[in-house]
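J.: Mind looking over this structure? Questions follow.
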Amino acid sequence: MGTRKIIHVDMDAFYASVEQRDDPQLRGKPVIVAWRGNRSVVCAASYEARSFGVHSAMPAVRAERLCPAAIFLAPDFTRYRAVSHGVREIFKRHTDLIEPLSLDEAYLDVTENKTGLPTATLVARTIREQIRQELNLTASAGVATSKFLAKLASDWRKPDGLFVVQPDGIDAFLLPLPVERLPGVGKVTGEKLEKRGIQTLGDLRGIELRALEADFGSYGVRLYDLSRGVDRSEVVPDRPTQSVSAEDTFEKDVLLIEMEPMIRKLAEHTWAASRKESRIARTVVLKLKTSDFKILTRSHTPGSPPSSCEEVTNIALSLRERVGLSPQQRFRLVGVGLINFDDPEDASAQPALFE
């Protein structure tokens, strides 16, 4: 197989940008898309708000402290989905190999493109220009030989940027990057790598495969490959969402009764992530890992899909009662997830979700 040409397109501050586009009075001002309230999280922030340190998934009350002059707007997902559909129609002019990750980003395989443009760079430039001209929005794009590299590249010159990783420039781009830029490297894995003196992908590349497997199991193979820019995953059109989740590993094992603050925080993150999906989840899952590494899950599917962060949180908290272990059992991890996704027209709670 020849060299692939992959584009990752990421709309800039998508929800906030749609709001600024549709209301000229909001342009140039710090806009935060979020419900007001102690338990709300930021869905999106304009770049004017981001300059104050505000970012997606941040508690709304903290965002308000960081940027007191921000204009808060309740999300309008019906409108965002309609705009996202318009972006997708532009993608379809160039390729049928489109893998959406959310309403505001997607992978495109343009190894062969429909318009006969000679390079992937020109395809990406054309797509960005069509989004600007037809939708009055901006998008950033990364072009590379793999999904992994293209996604990293799209973030390189945001907002409204284009960055290309040429095959002969992979090492120069990749090796200086911090390991935290790798997918799957969170706080715990990052700390394990740091303890081994591994801070950059260049450091990581110097570690033998056998050592990475010993420390990280099967994920060690993934780390080994990514440090070399190797990502064989294909662009899969219209892959349906199976789950959205967030989890946290504790520094010290905790009792079930002590988990309420963690579950609330994770439910907020999961709910915010699910709002980027074009489909609607029906089932809430609570995941736990005991101090001796046994994993158990409990789930609940209400009569209609959960329609608020508070409902997801309450279900997740109630699932603790179904764990069935000793009150003295300690746990090292908790997670909150949403599964069992349906298309909006199939979900009985659609009106409640989009009021």
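FYI, it's all coordinate maths here, none of it is from the lab. Every value quoted in this text rests on a predicted model; they were computed, and no experiment measured them. Neighbour counts are summed over all protein chains in view; Cβ atoms, including those assigned to glycine, are modelled from backbone coordinates with ideal geometry.
J.: Run the simple label-point estimate for residue 249 and residue 291 please: 7 Å along Cα→C-beta, distance reported in nm.
T.: 1.8 nm
J.: Based on a Kirkwood Rh over C-alpha pairs, give the Stokes-Einstein translational diffusion coefficient of the stretch 113-160 at 20 °C and viscosity 1.002 mPa s in µm²/s.
T.: So the translational diffusion coefficient is about 189 µm²/s.
J.: What is the gain in length, in nm to one decimal, between residue 82 and residue 3 on full extension, counting 0.36 nm per residue of separation less the C-alpha to C-alpha distance?
T.: 25.0 nm
J.: Still on this structure, please answer the following. Within the stretch 56-118, report the trypsin sites (Lys or Arg not before Pro) that DSSP leaves as loop and that have at most 15 other Cβ atoms within 10 Å.
T.: Sparse-neighbourhood loop trypsin sites (Lys or Arg not before Pro): 93, 114.
J.: Okay, moving on. Over the stretch 54-132, what number does the Rg to Rh ratio reach, with both radii from the alpha-carbon atoms and Rh per Kirkwood?
T.: Here the Rg-to-Rh quotient is 1.14.
J.: Take the alpha carbon atoms of the stretch 42-79, find their center, do the same for the stretch 256-281, and report the distance between the two centers in whole angstrom.
T.: 18 Å
J.: Hey, what number do you get for the chain at 222 nm if only DSSP H runs of n ≥ 4 count, each worth -39500 (n - 2.57), divided across all residues, to the nearest 500?
T.: Estimated from H runs of four or more residues: -10000 deg cm²/dmol.
J.: On to the next question. Once Rh is set to the Kirkwood radius over Cα pairs, what Stokes-Einstein translational diffusion coefficient, in µm²/s, holds for the stretch 42-187 at a temperature of 37 °C and a viscosity of 0.692 mPa s?
T.: 192 µm²/s
J.: Rounded to two decimals, what is Rg over Rh for the chain when you use alpha-carbon atoms and the Kirkwood radius?
T.: Across the chain, the Cα-based Rg/Rh ratio is 0.97.
J.: Ok, one more. Given 0.36 nm per residue, what is the gain on full extension from residue 314 to residue 340 after removing their alpha carbon distance, in nm?
T.: Length difference between fully extended and current span is 7.5 nm.
J.: So for the chain, taking the charge dipole from beta-carbon charges (+1 Lys/Arg, -1 Asp/Glu), which of 61, 341, 7 sits furthest toward the positive end?
T.: 61
J.: Pop a pseudo-label 7 angstrom from the Cα along the beta-carbon direction at both residue 38 and residue 115 and give the gap in nm to one decimal.
T.: Here the modelled spin labels are 5.2 nm apart.
J.: Among 29/158; 187/287; 114/276; 147/195; 5/114; 147/265, which pairs are too far apart, with a Cα-Cα distance over 25 Å?
T.: Beyond 25 Å between Cα atoms: 114/276; 147/195; 147/265.
J.: Can you check what the Kirkwood hydrodynamic radius comes to for the stretch 14-77, Cα pairs only, in Å to one decimal?
T.: Computed over the stretch 14-77, the radius equals 11.1 Å.
J.: Using modelled backbone amide H atoms (1.01 Å from N, in-plane), which distant-in-sequence or interchain residues come within less than 5 Å of residue 138's amide H?
T.: Long-range HN contacts for residue 138: 12.
J.: Modelled label-to-label distance, residue 187 and residue 92, 7 Å Cα→beta-carbon offset: nm?
T.: Here the modelled spin labels are 4.3 nm apart.
J.: Counting alpha carbon pairs within less than 8 Å and at least 6 residues apart, what relative contact order, in whole percent, applies to the stretch 177-226?
T.: 31 percent
J.: Estimate the FRET efficiency between residue 156 and residue 25 by the formula 1/(1 + (r/R0)^6), using the beta-carbon distance for r and 30 Å for R0, to the nearest 0.05.
T.: For residue 156 and residue 25, the calculated efficiency is 0.40.
J.: How much length, in nm to one decimal, is gained on full extension between residue 321 and residue 177, taken as 0.36 nm per residue of separation minus their Cα-Cα distance?
T.: Fully extending the segment from residue 321 to residue 177 adds 47.4 nm.
J.: Still on this structure, I have one more. Write out the GluC sites (Glu not before Pro) in the stretch 195-261 meeting two conditions: DSSP loop, and at most 11 other Cβ atoms within 10 Å of their Cβ.
T.: Loop-located and lightly packed - 208.
J.: Going by the alpha-carbon gyration tensor, a ≥ b ≥ c the square roots of its eigenvalues, is the stretch 177-226 rounded (a/c under 1.5) or, if a/c is not under 1.5, prolate (a/b greater than b/c) versus oblate?
T.: rounded
J.: In the stretch 90-137, which GluC sites (Glu not before Pro) fall in coil by DSSP and have 10 or fewer other Cβ atoms within 10 Å?
T.: Sites meeting the loop and neighbour criteria: 112.
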